[in-house]
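Below is one structure, written out as structure tokens; the observations come after it.
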Amino acid sequence: MSIYVYNTLDRCKEPLEPAVPGKIRMYVCGPTVYDSCHIGHARSVVVFDVIYRYLCARGYDVYYVRNFTDIDDKIINRANELGMTCEELAGKYIREFQTDMVSLNMQAPDLEPLATRHISQIIRIVKILEDKGYAYAVDGDVFFAVEKWLGYGKLSGRRLADMEAGARVDVDARKQSPFDFVMWKASKPGEPAWESPWGRGRPGWHIECSAMSAQYLGETFDIHGGGKDLIFPHHENEIAQSEAAFGKPFARYWIHNGFININQEKMSKSLGNFLMIKDLVRIWHPEALRLFLLSNHYRSPLDYTEQAMREAASGLDKLYGFLDRIVGCFDVWPPEPVSDPAASAQSGGEIWQRFCEAMDDDFNTARGIGILFETVRSLNREIDRQGADAVTRQPAQFTRIMDIMGIGRVLGIMAEAPQQYFARQKHAVLASQDIDEEWIQEKIHERAEARKAKDFARADQIRDELKGHNIILEDRPDGTIWKHGDGKTQV
RNA sequence: GGCGGCAUAGCCAAGUGGUAAGGCAGAGGCCUGCAAAGCCUUUAUUCCCCGGUUCGAAUCCGGGUGCCGCCUCCA
């Protein structure tokens, strides 16, 4: 049973067959660190995080590299604007990115290399290309000659001839072909610069990925990922550089995630509708954001709306609501698999198998989430009928619970203990308003008294008052508890 | 002009030849003093339109319509 992935290079789903059986080497383009990361970055990063986790869960030995682009025109411009050095600026946004990653419950890649730490490797590749005749130097700049490289355009499905008709770039007169791109740039005074055979300069846009992937994953590796927009020119150029330099195939599978729209509009500077991760995770539970991001196929466009987020948040509430019903039946949380080898969840139960079937089909998380909800509903039904203790003691049901936990680990959700989750949500409700737990408990007590006295009008009045504070009461057999209302954790 | 994608209920969204997952919202019910949560039932004779292939198509083929992305920095 193999995993099928959609390979941009061939425009179809193919069985994933790593070059070395059992091992997967994966490179994903990380951010250019000149500004805060937005929800689009979040999607890319979460999608590949889930792919990484899934491949690991399926037993692959995965080596995952995600770089930082810490030198580039945008960084230089921004640093100049702010009166900072490029290094300071990059450092600031790298730290911010790491904070975002933690808040999104991301698993760290095995390696997160920086472009500026690989200058000698970059120079080496440019030199190879120059020596092989694929590159030419002009005034300290070094260009890649796309017409020399016959494979150019194979990833994006373009032909040089077709593109020239639609080109609308100011063509640098020094270029042999308008699509030649710079691999090494002569530095202007005040810009970061490194010594090179062509004079003091810095790397161009695409070369760093060729250099770092080759260094850490080899000249040929298995998976290369990134956002759809990187297909052209970034990834096309990476292929050209790497394959021309090393004379062997570059990445074997190319995976690209789709874009996010905001209320059906493209995110753009002019519309001012960029949603930053750091702001989103203050409003929504990070796992709700993940659930939203994984709620449709990674290659499809995804529309961010307040309503979609509310739905994701209430879906997450439902999942944690289920966990809350069973948490008391276990000595430890998360529950541990039974040690009986026969019942071992090594290969998982039926639910896990079904989840894998969905994920094997090009990482169909939307289908996988459907299976998750279906199973939770079914278990809730059993709990309604038999009680949580009886259900959790049944091996078949226990296996399903373990499967659910396993699915949660792949999707990066349900990572908190349910008490912790609800406490966190409650805390957010309190923090967003000028009320405290004690006040609520007083109200709950007052309502209990009213109910005891059969003064239901008063009881309902109190409940409505709390509802006005986004607080919902639940009368349980063992007393009344309160929960947050809608999924927004901050007003 | 070139390349690519998408069109499934009120909304979101799976489903690539065998008779429409799942979520949200809605309706009815169980439970409850009433709620909430949970559960049950219900909500597309039908998958943008028109042809074709087939015993059989949302799924394949041809044509049409509509929407979108990329070709320029962008996840």
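The values are calculated or read from the model by the stated rules, or taken from the named source; none is laboratory data. Being a predicted model, the structure only gives us computed values, none of them experimental. Neighbour counts are summed over all protein chains in view; Cβ atoms, including those assigned to glycine, are modelled from backbone coordinates with ideal geometry. Note: areas computed on protein heavy atoms with side chains; ligands, DNA, RNA excluded. Shrake-Rupley method; radii C 1.70, N 1.55, O 1.52, S 1.80 Å.
For the stretch A:104-141, a residue qualifies if it is free of Cβ contacts under 8 Å to residues at least 60 places away in the same chain and among the hydrophobic types (A, V, I, L, M, F, W, C), and the qualifying residues are A:Ala108, A:Leu114, A:Ala135, A:Val138. Checking A:Asp389, A:Asp403 one by one, the residue that is more than 14 Å from RNA strand B (Cβ to nearest atom), in contact with a Cys (Cβ under 9 Å, 6 or more places away or on another chain) and either part of a helix (DSSP H, G or I) or in contact (Cβ under 8 Å) with a residue 24 or more places away in the chain (or both) is A:Asp389 and no other. Would it be correct to say that A:Ile39 is within 24 Å of A:Ile223 (Cα to Cα), assigned by TED's automatic domain parsing to the domain that holds A:His235 and more than 23 Å from the chain's Cα centre (by Cα)? Judged against the criteria, A:Ile39 is not a match. Counting only strands (runs of 3 or more DSSP E) that sit wholly inside the stretch A:1-103, those with at least 1 residues that are of a type outside the set (Asp, Glu), within 15 Å of RNA strand B (Cβ to nearest atom) and modelled with pLDDT of 95 or more are A:23-28, A:61-66. The requirement of being in a loop (DSSP other than H, G, I, E, B), touching a residue at least 24 places away in the same chain (Cβ under 8 Å) and more than 10 Å from RNA strand B (Cβ to nearest atom) is not satisfied by A:Ala428. Those residues that are assigned to a helix (DSSP H, G or I) and more than 10 Å from RNA strand B (Cβ to nearest atom), I need them from the stretch A:310-333; list them, please. Scanning the stretch A:310-333 gives A:Leu323, A:Ile326, A:Val327, A:Gly328, A:Cys329.
Where strands (runs of 3 or more DSSP E) fall wholly inside the stretch A:129-203, the ranges with 3 or more residues that are in contact with a strand residue (DSSP E or B) (Cβ under 7 Å, 6 or more places away or on another chain) are A:141-144, A:181-186, A:201-203. Answer yes or no as to whether A:Glu208 is under 15 Å from A:Trp149 (Cβ atoms) and either of a type outside the set (Ser, Thr, Tyr) or not assigned by TED's automatic domain parsing to the domain that holds A:Asp110 (or both). Judged against the criteria, A:Glu208 is not a match. In this structure, is A:Arg290 open to solvent by 10 Å² or more (accessible area, probe 1.4 Å) and outside any loop (DSSP other than H, G, I, E, B)? Judged against the criteria, A:Arg290 is not a match.
Taken over the stretch A:63-112, the residue count meeting the criterion of being open to solvent by less than 10 Å² (accessible area, probe 1.4 Å), over 15 Å from the mean Cα position of the chain (by Cα) and over 23 Å from A:Ala186 (Cα atoms) is 0. In the stretch A:356-386, what residues are near RNA strand B (Cβ under 8 Å from one of its atoms), more than 17 Å from A:Cys329 (Cβ to Cβ) and of a type in the set (Asp, Glu)? Hits for the stretch A:356-386 are A:Asp361, A:Asp362, A:Glu374. Sub-6 Å Cβ pairs linking a first residue in the stretch A:32-45 that is free of Cβ contacts under 8 Å to residues at least 12 places away in the same chain and closer than 21 Å to A:Tyr298 by Cβ to a second residue that is within 8 Å of RNA strand B (Cβ to nearest atom) and open to solvent by less than 40 Å² (accessible area, probe 1.4 Å), at least 6 apart or interchain, number zero. Of all residues in the stretch A:208-262, those being among the β-branched types (Val, Ile, Thr) and part of a helix (DSSP H, G or I) number 2.
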